[in-house]
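Student: Have a look at this one before I ask anything.
The values are calculated or read from the model by the stated rules, or taken from the named source; none is laboratory data. Everything numeric here is computed off the predicted structure, so don't read it as measured data. For neighbour counting, all protein chains shown are included, and Cβ atoms are generated from backbone atoms with ideal geometry for every residue, glycine included. The protein model used for the area step is the full one, side chains on, heavy atoms only, and it has no ligands, DNA or RNA in it. Shrake-Rupley method; radii C 1.70, N 1.55, O 1.52, S 1.80 Å.
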2 protein chains.
Amino acid sequence: MRVVRSVRSIQQLIRKAKSAGKTIGFVPTMGALHDGHRSLLRRCHRENDLVVLSIFVNPKQFGPEEDFGKYPRREQADKKLAKKEKVDIMFVPTAEEMYPEGYLTYIEVERMTHVLCGKSRPGHFRGVTTVVGKLLNIVMPDVLYLGQKDAQQAAVVTRMARDLNFSVIVKICPTVREADGLAMSSRNEYLTVSQRKEAKVLYRSLREARQNVTAGNHSAMAIISKIRSRITRAGSGRIDYIECVDADTFTPLKRIQGKTMIVLAVWFGKTRLIDNIIVHA
Amino acid sequence: MRVVRSVRSIQQLIRKAKSAGKTIGFVPTMGALHDGHRSLLRRCHRENDLVVLSIFVNPKQFGPEEDFGKYPRREQADKKLAKKEKVDIMFVPTAEEMYPEGYLTYIEVERMTHVLCGKSRPGHFRGVTTVVGKLLNIVMPDVLYLGQKDAQQAAVVTRMARDLNFSVIVKICPTVREADGLAMSSRNEYLTVSQRKEAKVLYRSLREARQNVTAGNHSAMAIISKIRSRITRAGSGRIDYIECVDADTFTPLKRIQGKTMIVLAVWFGKTRLIDNIIVHA
C-alpha cells in the first residue's frame, strides 16, 4: 500500500494505473475508520483493480461551531485497517494541499442542500461537493463508494456527479450497524455510556416506522409523530429533524408514496447523530 | 469531421481517442465563429492529435435582460469554418442536453467574479464556470484554449481549473483584431456603421495607455482618466468600467506594478464591448 500526501504524486500513480488499463474504485472518508468504511473498501476491492482510499478531515464542510477540532484523527490505526482491507493507495492530503493560498472555487448543489442536514449545517454540503469534486478530478475513479448512513450526502453527491458529467458510477452501500442497531459513525465515540445506550432508539424507531408504513399508515405526520414520541420517551435525545422525503430529491413528503426515505437527526448532548431507513408504499 | 449532439455520443468518441493514446485539444465557443476562434482552432490543431470544438450558446451565462435571444446562431457557416480548420469533433448540444430536468449544480469562483464584468453581469461567471466544468468532464481535454479578449473569463476559468484539480492545461491565446484594432467578437455585428467606426477608439486608447505606462506614468487613476476622456471624446460610447487590475487575481490596483492588465467595457447603444491590454511596469 502506498501512502500518498501530495496531489501530484497520486496523479502520477493514477495516470500509470489508467494507462495500464486498470479500473479504479474510490472510497473518500474523513478517517477514524470503522466497519462501515470497511464494508465500502471490501466492495471496492471486489469490483475494481485498484482501491483508492482518501482520508481528509475537510475543514470546508464543518461550520465554525462544529466539531472540526475534536473530530477523531488516528492515521496509524487507519493505515493498519486500510492495509488489511487491501487498499492500494491511501491518499492523506493536508488542508494546504487541498486548499492552497488563493483558493476560490466552490461546487454547490441547490435546493436539496437547503433542507434537513443542510438547514442545520449551513455550508456543509457545499464543502462536501467541493471536496468530492476535487477528489474525483484527482483520483479519476470508475466507481465511487458512499455509505447509505449519510443519505442526503449520498443523494447530493450523486446529483452533482450527474449534473457536472463526471465519468463515474456512484454506488451507495448499506449502512453497517452495531449489534443493537446503532448506525456505525466516527461520531459515536463522542457519546457517554448512557447516551450510547439511549442512542439505539434511533434505529428502533425507524424500524417501527417501517412496520407502520407496511401496515398501511402512509401519513408522514403520523409516522413522524410516533418516532418523535418514541425518541423523546427514551431519554435525553433532542430532535433536530425527522422527515419523510423523496429518496432522490430529498423533497419532504406529506404522504408516503413509492420509494420514500425516513430520515432523522438527533442530538445526544453535544453529539449529533443521523440515521435513515427506506420504505416502500 | 463528426458533428455530435449528445453527451453520450461524444463521450464514446473521447473514450476511443483516449484509449488510442491521442492527445485532445478543446476550444469551447458560443459559435458565430470568427478569426479569433480560428486562431484558437489552428493552435489547437498544431498542438494536439484531436481537435474538439464546442458550440453552445449557454443560457446560464446570460442575465434575464441580456442578449441570449438575439445572440447570433449560424451552425451551417460554423460547420464550414470548423471543417476548414480541421476540427475532428464539433459538439453542438441543446440546452436540454446540458441542463436536463432536475439540474441543480453550479460551480462558482469567489471574489474575482464579483468585480468588472462580474459586477455588471451578475451570475455571468457562475454560468461560465459551470458550463466549462461540465465540458471539461465531457471532453476530458489535455489542453483548453481560451482567448485573451475575454480576459476575466480566462482568469476565472484558469482559477477554477487549478482549484478543482482538473487535469488540463489552460492556454490563453492573443486577441485577434480587425484592421483598425477592434477586437474580434461575435457581438461586433450588432453595431451600426457609425458605432463600428467609433469602436476603434477602445484599442487605440488602450495602446496609448500602454505608451503612457512605458513612459513612466504608473498611477492607475491618471491612466484610467486619460482612457475615459479619449473614449468620451470619440463619440457615443458609454463607459461601463475602466480598471487597472492584477493580471491573475483581477484585483483593482492603484499603482501599476509588475504585470498589470488594463481592462475596459464600453456600451455602444445596446452593445457592450470589452477589451484589454497587458502592460509591464
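Student: How many nm is it between the label spots at A:Lys22 and B:Arg5, if each spot is 7 Å from the Cα in line with the beta carbon?
Tutor: Spacing of the two 7 Å Cα→Cβ label points: 4.2 nm.
Student: Can you list the GluC sites (Glu not before Pro) in segment B:33-81 that are in a DSSP coil and have 11 or fewer other beta carbons within 10 angstrom?
Tutor: B:Glu65
Student: Sticking to Cα atoms, compute the Rg of segment A:101-158 to one decimal and its Dmax as the biggest Cα-Cα distance, whole number, in Å.
Tutor: When restricted to the Cα atoms of segment A:101-158, Rg and Dmax are 12.0, 34 Å.
Student: OK, next. Along the positive direction of the dipole of segment A:130-281 (beta-carbon charges: Lys, Arg +1; Asp, Glu -1; about the Cα centre), which of A:Thr251, A:Pro174, A:Gly269 reaches farthest?
Tutor: A:Gly269
Student: Which distances, in nm and shortest first, link the A:Tyr241 label point to the same label point in every other copy, taking 7 Å along Cα→Cβ?
Tutor: Here A:Tyr241 shows inter-copy label distances of 3.6 nm.
Student: Please report, in whole Å³, the volume per residue of the convex hull around the C-alpha atoms of chain B.
Tutor: Spread over its residues, the Cα hull of chain B gives 131 Å³ apiece.
Student: When DSSP beta bridges are limited to those with both residues in chain B, what percentage is antiparallel, rounded to the nearest 5? Show your work: numbers first, answer last.
Tutor: On the way: 21 of 40 bridges.
Of all bridge pairs located within chain B, approximately 50 percent are antiparallel.
Student: How many angstrom separate the Cα center of segment B:99-172 from the Cα center of segment A:1-64?
Tutor: About 27 Å separates the Cα centre of segment B:99-172 from the one of segment A:1-64.
Student: Are any of the pairs A:Lys22/B:Lys18; A:Lys16/B:Lys18; A:Lys60/A:Lys149; A:Lys22/A:Lys83; A:Lys60/A:Lys259 more than 23 Å apart by Cα-Cα distance, and if so, which?
Tutor: Checking Cα-Cα distances, A:Lys60/A:Lys259 exceed 23 Å.
Student: Using protein heavy atoms only (no ligands, DNA or RNA), what is the total accessible area buried between B and A, 1.4 Å probe, nearest 100 Å²?
Tutor: Details: alone 13960 and 13970 Å², together 25490 Å².
Chains B and A together bury approximately 2400 Å².
Student: Averaged over peptide B:161-172, how many Cβ atoms belonging to another chain are found within 10 Å of each residue's Cβ?
Tutor: Across the residues of B:161-172, the mean count of other-chain Cβ atoms within 10 Å is 4.
Student: Let me ask something else about it. Between B:Asp248 and B:Lys84, what is the spin-label point distance in nm, taking each point 7 Å from the Cα along the Cα→C-beta axis?
Tutor: 3.9 nm
Student: Moving on. Taking every DSSP beta bridge with both residues inside the protein assembly as shown, roughly what % is antiparallel (nearest 5)?
Tutor: For the protein assembly as shown, the DSSP antiparallel bridge percentage is about 55.
Student: Where Lys and Arg each count +1 and Asp and Glu each count -1, what net charge lies around A:Leu33 among other residues with Cβ under 13 Å from its Cβ?
Tutor: Net charge in that neighbourhood comes out at +3.
Student: Over the protein assembly as shown, with a single point scatterer placed on each C-alpha, what log10 of the ratio I(q)/I(0) does the Debye formula yield at q = 0.07, 0.12 1/Å?
Tutor: Relative scattering, expressed as log10 I(q)/I(0), comes to -0.50, -1.17.
Student: Once Rh for segment B:186-276 is found with the Kirkwood sum over Cα pairs, what is the Stokes-Einstein diffusion coefficient at 20 °C and 1.002 mPa s, in µm²/s?
Tutor: Value of D from the Cα-based Kirkwood radius: 160 µm²/s.
Student: Along segment B:239-252, what does the Karplus equation 6.51 cos²θ - 1.76 cosθ + 1.60 (θ = phi - 60°) give for ³J(HN,Hα), rounded to whole Hz, x for Gly and Pro?
Tutor: Karplus values, whole Hz, x for Gly and Pro: 6, 8, 8, 9, 9, 9, 10, 4, 5, 9, 9, 6, 6, x.
Student: Here's something else I'd like to know. Quick one: Karplus J couplings for segment A:47-62, per residue in order, coefficients 6.51, -1.76, 1.60, θ = phi - 60°, nearest Hz, x for Gly and Pro?
Tutor: Calculated HN-Hα couplings, in order: 9, 9, 6, 10, 9, 10, 10, 10, 10, 7, 7, 6, x, 6, 9, 10 Hz.
Student: To continue, here is another question. Which whole number gives the average, over all residues in A:105-117, of C-beta atoms from other chains lying within 10 Å of the residue C-beta?
Tutor: Counting Cβ atoms of other protein chains within 10 Å of each residue's Cβ and averaging gives 4.
Student: Once you charge only the Cβ atoms, +1 for Lys and Arg and -1 for Asp and Glu, what is the size of the charge dipole of the protein assembly as shown about its Cα centre, to the nearest 20 debye? Intermediate results must be reported in sequence, preceding the final value.
Tutor: Details: 94 positive and 56 negative charges, 112 e Å.
It works out to roughly 540 debye.
Student: Leaving out ligands, DNA and RNA, what percent of the accessible area of the protein assembly as shown is carbon and sulfur, probe 1.4 Å?
Tutor: Ligands and nucleic acids excluded, carbon and sulfur reach 49 percent.
Student: In whole Hz, with x marking every Gly and Pro, tabulate ³J(HN,Hα) for segment B:229-238 from phi via Karplus 6.51 cos²θ - 1.76 cosθ + 1.60, θ = phi - 60°.
Tutor: Result, rounded to whole Hz: 6, 4, 5, 5, 5, 6, x, 8, x, 10.
Student: A follow-up question, please. Using a Debye calculation, one point per C-alpha and no hydration shell, please list log10 I(q)/I(0) for segment A:71-219 at q = 0.10, 0.12 Å⁻¹ in order.
Tutor: Scattering profile of segment A:71-219, log10 relative to I(0): -0.49, -0.70.
Student: A further question follows. What number does segment B:1-65 give for Rg over Rh if you use C-alpha atoms and the Kirkwood radius?
Tutor: 1.03
Student: Find every distance from the label point of B:Arg46 to the corresponding label point in the other copies (7 Å from Cα along Cα→Cβ) and write them in nm, one decimal, shortest first.
Tutor: 5.4
Student: Still on this model: Roughly what would the spin-label model give for A:Ile239 and A:Val193, points 7 Å off Cα along C-beta, in nm?
Tutor: 3.0 nm
Student: Keeping all protein chains in place, calculate the accessible area per residue for segment B:1-75 (probe 1.4 angstrom), answer in Å².
Tutor: It amounts to 50 Å² per residue over segment B:1-75.
Student: Report, in debye and to the nearest 20, how large the dipole of chain A comes out about its Cα centre when Lys and Arg carry +1 and Asp and Glu carry -1 on their Cβ. Display every interim value, and only then the final one.
Tutor: Working: 47 positive and 28 negative charges, 130 e Å.
Dipole about the Cα centre, nearest 20: 620 debye.
Student: Still on this structure: Search the structure for amide H atoms under 5 Å from the amide H of B:Phe91, placed 1.01 Å from N in the peptide plane, and list their residues when 5 or more places away or on another chain.
Tutor: Close amide H contacts, sequence-distant or interchain: B:Val4, B:Leu53, B:Ser54, B:Ile55.
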